[in-house]
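See below for the structure under consideration.
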Amino acid sequence: MEKQDIARYLTPCKLGRPVLTGSGEPGAFDEKAVDCPFVFWHGGTYYMMYVGFNGIGYQTALATSENLLDWLHLGTILKRGDGNGWDSKNTAGCWILRENDLNGLPKLKKWKNRYWLIYHTYPEDGYEEGAGRFGLAWTEDESLLTWNRLPKPILTPEEGAEWERGGLYKECLLEHEGKFYLFYNAKNIPDGGRPWIEQTGLAVSSNLTDWERHAGNPVLQVSPDRWDSRFVSDPCVLRDGDRWVMYFFGYDGKHAQEGIALSDNLTEWSKYREPILTSGQEGGIDSIHAHKPSVVRHNGILYHFYCACRPHREGDPTINWGSEFRSISVAVSEPVEDKLL
């Protein structure tokens, strides 16, 4: 794959600052960090679903924006202490079923007159403590503030192959030709003191609750001795005409950076060899990591939202695990701030 094949998907202009940070307020759901942006259109405006971490667990919130750069926290929608026991300690919402055309509005779409949200959860308090599994929630509430969780997980690592038995991570849910596709990353259980490997798999369903894993999993695999040698994670799959585009992040043990893969059929993927959004220079908002993509097109411009990490410094509103400042930022296909003046 040549660079000209992916030129229309690139976002070389980084905003260079956060569009959303944690509150830093003691006891707040986002006291330590915000993470995992998911941007969509609903009710005449843009929303971002995102995850907050408070040092104990993960909860999920919504923010709104009129211009995709200035975001206002709306409310927490998946809270600790709610749920069904297995999902009551951590609830990280990652995707709501929506239109997946890269060139159209990312509007939410209903199935059986309901909106559907998929999330992952960890069984213990702390930072990704225990093997993650997937849950499903639905709502008929047009404000999107009240959700009903299904009583049991829809996908667990124990039922999977060896590459995913260490736990399941960030989800991407789409519907195509009457079938549901669930892309997700997962980790193995390492042995011999070696670090775990995260790769991306696919499951398919006709009803959102009963899923069959793709026989060719993982559909996106790590590349030994390269920038994505340990992780190929957090898929964001969009349709561009007859082509499917997967944004993802790769990790080599030092930096997480964004990559891209293309497919004609949703099951066979070709990765571009180099990262398309790299970690930044020292002092930059993303000098450690630039990862976890959510991509939309607005007024002809691509907005590539991602989680940005750099070392914590005095004056930051939050300090996360590992003494980092973790926020949400955006890169765009052409400069946008001057258009808002």
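Restricting attention to region 35-182, the count of lysine pairs at 8 or more positions apart or across chains with alpha carbons under 27 Å apart stands at 23. Note on Glu66 and Ala28: their simple-model spin labels are 2.3 nm apart, each label 7 Å out from Cα toward Cβ. About its Cα centre, region 3-340 has a charge dipole of approximately 260 debye under the convention of +1 per Lys or Arg Cβ and -1 per Asp or Glu Cβ, with nothing else charged. Evaluated with a Cβ-only charge set (Lys, Arg +1; Asp, Glu -1), region 1-93 carries a dipole of roughly 140 debye about its Cα centre, given to the nearest 20. For Lys3 and Lys109, a Förster radius of 41 Å and the Cβ-Cβ distance give a FRET efficiency of 0.80, rounded to the nearest 0.05. Across region 3-340, C-alpha contacts under 8 Å between residues 6 or more apart give a mean separation that, scaled by the residue count, equals a relative contact order of 17 percent. A simple rule links phi to the HN-Hα coupling: the Karplus curve 6.51 cos²θ - 1.76 cosθ + 1.60 with θ = phi - 60°, which for region 9-21 gives 9, 8, 9, x, 9, 7, 5, x, 8, x, 9, 8, 10 Hz, with x for Gly and Pro. Remark: the Thr267-His214 segment gains 18.3 nm on full extension, using 0.36 nm per residue and subtracting the alpha carbon distance. Along its three principal directions, the equivalent ellipsoid of region 208-341 from the Cα gyration tensor extends over semi-axes of 27, 20, 14 Å, largest first.
Charges were assigned to the Cβ only: +1 to each Lys and Arg, -1 to each Asp and Glu. The resulting dipole of region 130-278 about its Cα centre is roughly 460 debye. Using +1 at the C-beta of Lys and Arg and -1 at the C-beta of Asp and Glu, which of Gly300, Cys236, Gly132 has the Cα lying farthest in the positive direction of the dipole of the chain? The residue sitting most towards the positive pole is Gly300. Along the charge dipole of the chain, pointing to its positive end and built from +1/-1 on Cβ of Lys, Arg, Asp and Glu, which listed residue (Trp227, Ile189, Ser88) has its Cα farthest out? With unit charges placed on the Cβ atoms, the residue in question is Ser88. The mean of 1/r over all pairs of different alpha-carbon atoms in region 3-340, once inverted, gives a Kirkwood hydrodynamic radius of 19.8 Å. Quick one: 3J(HN,Hα) in Hz for region 88-105, Karplus 6.51/-1.76/1.60 with θ = phi - 60°, rounded, Gly and Pro as x. Here the 3J(HN,Hα) series is 8, 9, 9, 9, 9, x, 10, 7, 10, 3, 8, 5, 10, 6, 4, 9, x, 5 Hz. Given the chain, what percent of its DSSP beta bridges are antiparallel, to the nearest 5? Among the beta bridges of the chain, antiparallel pairing accounts for roughly 95 percent.
Values in this text are rule-based calculations from the coordinates and carry no lab data. Because the structure is a prediction, the values reported are computed rather than measured. Using ideal geometry, Cβ is built from the backbone for each residue, glycine included, and neighbour counts are taken over all protein chains shown.
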